[in-house]
Every structure is written in structure tokens, then in C-alpha cells.
1. Please state which one of 304, 294 is in a loop (DSSP other than H, G, I, E, B) and open to solvent by less than 60 Å² (accessible area, probe 1.4 Å).
2. For the range 1-109, please list each of the strands (runs of 3 or more DSSP E) lying entirely inside it that holds at least 1 residues being more than 24 Å from residue 231 (Cβ to Cβ), free of Cβ contacts under 8 Å to residues at least 40 places away in the same chain and open to solvent by less than 50 Å² (accessible area, probe 1.4 Å).
3. Would you confirm whether any residue within the range 240-252 is open to solvent by 40 Å² or more (accessible area, probe 1.4 Å) and either closer than 24 Å to residue 164 by Cβ or aliphatic (A, V, I, L, M) (or both)?
4. Which residue is nearest to the chain's Cα centre (by Cα), if the candidates are limited to the range 195-209 and must be open to solvent by less than 30 Å² (accessible area, probe 1.4 Å) and hydrophobic (A, V, I, L, M, F, W, C)?
5. Looking only at residues that are hydrophobic (A, V, I, L, M, F, W, C) and not in a helix (DSSP H, G or I) in the range 266-291, which one is farthest from the chain's Cα centre (by Cα)?
6. Just name the residue that is nearest to residue 184 (Cα to Cα) out of those in the range 280-291 that are in contact (Cβ under 8 Å) with a residue 12 or more places away in the chain and open to solvent by 60 Å² or more (accessible area, probe 1.4 Å).
7. Check off (1) more than 21 Å from the chain's Cα centre (by Cα); (2) surrounded by fewer than 16 Cβ atoms within 10 Å (Cβ to Cβ); (3) in contact (Cβ under 8 Å) with a residue 40 or more places away in the chain for residue 158 and give me the number that stays unchecked.
8. Take residue 176 and decide whether it is at negative phi, in contact (Cβ under 8 Å) with a residue 60 or more places away in the chain and part of a loop (DSSP other than H, G, I, E, B).
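The values are calculated or read from the model by the stated rules, or taken from the named source; none is laboratory data. All figures in this text were calculated on a predicted structure; none of them were measured in a lab. Glycine also receives a Cβ, built like all others from the backbone with ideal geometry; neighbour counts cover every protein chain displayed. Surface areas here come from the heavy atoms of the whole protein model, side chains and all, with no ligands, DNA or RNA. Shrake-Rupley method; radii C 1.70, N 1.55, O 1.52, S 1.80 Å.
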Amino acid sequence: MKNKNLKILVIRFSSIGDIVLTSPVVRCLKEQIKGLELHYLTKKSFEAVLAGNPHIDKLHFFENSLSECIAELKKEKFDHVIDLHHNLRTLLIKNSLGVNSRSFDKLNWQKWLLVNFKKNILPTEHIVDRYLKTTEFLGVKNDGKGLDYFLTDEYDLKNMLPESHFNFISVVIGAQHDTKRLPVDRLIALCSKIDHPVVLLGGLEDAERGEKIALKAGEHVFNACGKFKLDQSAYLIKMSEKVISHDTGLMHIAAAFNKQILSIWGNTVPEFGMYPYKVDHSSIFEIKGLSCRPCSKIGHDTCPKGHFNCMNHINLNLIIDQANG
């Protein structure tokens, strides 16, 4: 009797960067398990992050109804579930499917200790390596190839940017929370001293900030925030000479394209394990030794202390020197 090929479900609901960070798990599973049928469950709003991934055989989406989602998943008769989100919803899904599952360790209490008592007992391990531990029972190992991002279409810079901006540095001005972003005046100061064409990247929510920066920083700065869909922004990242970014999703897409990354860290810290993964050239800019940092494992709308020293004291000249070098 012929052995049945495995069918595995990988779960990660959000967000852009976190999903990109699961790409080595998807690739290693697919390439190392012969005949594997690989499915992926995420939120519909993040379909674009995964749409071009050739290692995924079928995408499933959670939108509003968990019961409808579970009913759809039950029809697939999975052999295993790899849970890379690990929350109450994924627990309910795993219990309902009733198959063998593995969940990654979120290290929540270790992060809590670091945020609240500044006691760091976190392992010196990237989150990708923690994700991949969920596949060890299947004999799957880290192939060391880094992150993946697959464009879903072909694009042309001529249709996207002014001709003067074809050899450019991307500056990612967005981030999910304000305390992970340089203030506008500091972004203006940064961009104004970069000796290359600059393309500002971010979503619609960053468009107004981008206009202010472009207006005051100089004609060499082009505001692309809100002008392009995610896949097009990823293409611009791919075509960049260098990428300056906050701790955000486009930083991880830059890592997938092995770009030179200058990453800027505010209230979050690289010790959480989400710094640029396996890139040839990466520099981290942060203010070490602040008694209030990290103040959250995610971020805040405003600095809890009111001074925002973690971003206001970043040495912009160091970033500018590397950007211009």
C-alpha cells in the first residue's frame, strides 16, 4: 500500500513582518518533506504577503467567523498543524481539528520581565529559529537560506518613480506604533542630508507625514507612501541601493531581498529576536542603556515618559554616514 503524503497546515494570522518571518518554515517544510501538501491560514487582509509563495499549495483565510473557518479546515483532514501565532483562536482551531500540532514559544513571560523589570533572560535566538523548532519532530532543519518574499507581478521603475530616482535609497517611515517611528522633524533632518535620491515608503496612513518630509527635506526626496500596493512597495525595496527602516514589516521584506539594512529602534529592542535575519550587511541604531527601554514588546501611541529619548537621541549622523558611504 502506498504511503499517504502528508498534509500540513501552518497558521500565522498577522502581521506583514511576522508572516514574512515564517517563510523559512514554509520553504523548509515543502522542500524537505517529499510529496507534502502545504496549506497556510492567515487573515484575508494579509493575502498579498503570501499570494506569490510557490511553496504554499492552498491559502485559507480567517475573516469574521471562527466557526466557519474551522468548518472549512476540517474538510481538509490535515495530518499536522504548525501554529506560529499561538493565541486563543489558534488553540480553538487546533482543539477542533484534533490532529497532532506544534506551537512556537512566544517567550511572553521572558519579554514581560524585560519590559517591566529590565531583566533580560531571553535566549540569543532569532524568532525564525524558534519558529523552525516546531518542525523538528518531522526531521525538518533550517536550510540557512534566510527569508523569502515572492513578487506576484512584474513592475517597471519607469512607471513608478521619476527618472531622477532610479538609483535610490528607501526610507521606510511607517511602523505600527508611534513609539517605533522617528518623529517627522528627525526624518526631515535625516533625509535632507542623504546624498542620494530618497524614496519614502509606507502605507496610506503615512502619506501625510511623507508629504511633509518630502516638502521640507528637498527635491531629492520622493514620497511613495500610500501610492502603491504592498507588492509594488516590496519591488521598490528590492530595487533600492540601501534600506533605512524602523522595526516594521518592510524591514523584513528588505531582509528577504538581502538588502543592506540600516534599522532604527525606538521602544522595542533587537533582543526580542526580530532583527534583520540573515542579511550580508545590517546595522542597528538604538540608544542602549535607557532605564525605560523597552517600554513595551509592541509599542505605544506616545512615549509613556513624555521625553521619547529612545528616538530623539538617535545619532542621525551615524545613519547618514552609512547611507552616503
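1. Going through 304, 294 in turn, the sole match is 294.
2. In the range 1-109, the matching strands (runs of 3 or more DSSP E) lie at 100-103.
3. First, the residues of the range 240-252 that are open to solvent by 40 Å² or more (accessible area, probe 1.4 Å): 241.
Next cut, either closer than 24 Å to residue 164 by Cβ or aliphatic (A, V, I, L, M) (or both) only: 241.
The answer is yes, given that some residue of the range 240-252 is open to solvent by 40 Å² or more (accessible area, probe 1.4 Å) and either closer than 24 Å to residue 164 by Cβ or aliphatic (A, V, I, L, M) (or both).
4. 201
5. 290
6. The extreme case among them is 284.
7. Exception for residue 158: condition (3).
8. Values: at negative phi: yes; in contact (Cβ under 8 Å) with a residue 60 or more places away in the chain: yes; part of a loop (DSSP other than H, G, I, E, B): yes.
Criteria met by residue 176.
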